[in-house]
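Structure first, then comments.
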Amino acid sequence: MPLMKRRTQAMLAESRIDKEFAMATRMPTYFISHGGGPWPWIPEMAAEFAPLAESLAHMPFEVGRTPRAIVMISGHWETDAFAVMSSPRPPMVYDYNNFPPHTYEVSYPAPGAPDLAKEVHDLIARAGLPTRLDPDQGYDHGTFVPMAVMYPNADVPLLQVSMRHSYDPADHMALGRALAPLRDRDVLIIGSGLSYHNLRLFTPAARDPSTAFDTWLTQTLALPAAARTHAVLDWETAPSARICHAKEDHLVPLFAALGAAEGESATRTYHQTGIRGGVTASSFRFG
């Protein structure tokens, strides 16, 4: 075999190995269903959400190493722009009602990540999306509840990026694409919401609509990348879509998580039926 041909083949093999290594070491992204209110601190709720707790506790083992930081898009923080939490010590935000007094004393003292916040802000701005730093925002329960199960020592730097009031799927997919480079820098991106979120129908009557939507979501996320993106952007045409998400604040984090791993496969990491007698909910990993 001529020397030049051998060198070319060796370079191609090395390039393939480098690409495979990069894919193997890149952080995945997640869309998680974060459960109801401060459920880990209420025994009867913790028992009901035991499958969710198991899936959240397993996430660090799936990731395989401790992230440098976590960027969370929570279904409980929305602003006019993609605001980026920049406090070095974010406070707590108890954004739930009518729960026992001790749940308003929960503390999750994870450090913020001001330097990363500036980097996140710049990535979003370079994508042409509106953004600003927010030094005052604290951890809402869409963030501190699942984090307390995933990383109970609160030792991983953590920041949130807000949704926009518009809930526009394309804008939030674009947010995910803007954040995607962070995955190669050991940053874990998580969209935290619920695959079903109709608080007026958290009853046995939710069984059929939540099952229909969950089936659609699972099948859709298994599609090839281009078809999947198109279908997710057109989510309102899914079976029972507006019954399951009369207000889509808890679905929007999915768009960001998917945008940050748009060409990569989806794996369902949590699936539970019969929540509150009828609700079906799921979580997914991308990559």
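The values are calculated or read from the model by the stated rules, or taken from the named source; none is laboratory data. Note that the structure is predicted; figures quoted are calculated from it, not measured. Because the Cβ atoms are built from the backbone with ideal geometry, glycine has one as well, and the counts that use them run over all protein chains shown.
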query = Is there any pair linking a residue in the range 227-239 that is farther than 20 Å from T211 by Cβ to one that is part of a loop (DSSP other than H, G, I, E, B), with Cβ under 7 Å and at least six apart or on different chains, and which?
reply = T229/E262
request  = Assess whether T215 counts as being modelled with pLDDT of 95 or more and either aromatic (F, W, Y) or in contact with a strand residue (DSSP E or B) (Cβ under 8 Å, 6 or more places away or on another chain) (or both).
outcome  = no
key: Top-ranked residue of the range 214-226 - restricted to ones that are touching a residue at least 40 places away in the same chain (Cβ under 8 Å) and surrounded by 17 or more Cβ atoms within 10 Å (Cβ to Cβ), ranked as farthest from S195 (Cα to Cα)   = L221
Positions within the range 55-80 being loosely packed, with under 15 Cβ neighbours inside 10 Å, part of a helix (DSSP H, G or I) and in contact (Cβ under 8 Å) with a residue 24 or more places away in the chain, in sequence order = A57, H58, E62
request  = Give the range 231-287 a look and list any residue that's modelled with pLDDT of 95 or more, charged (D, E, K, R) and farther than 20 Å from D168 by Cα, or say none.
outcome  = E264, R268, R285
Filter result (surrounded by fewer than 17 Cβ atoms within 10 Å (Cβ to Cβ) and of a type outside the set (K, R)) within the range 228-261 = H230, L233, D234, E236, T237, P239, A246
query = Hey, does the range 109-121 have a residue that's in contact with a strand residue (DSSP E or B) (Cβ under 8 Å, 6 or more places away or on another chain) and under 27 Å from A46 (Cβ atoms)?
reply = yes
ask   = Restricting attention to the range 140-151, does a residue exist that is among the hydroxyl-bearing types (S, T, Y) and either under 14 Å from the mean Cα position of the chain (by Cα) or at pLDDT below 95 (or both)?
value = yes
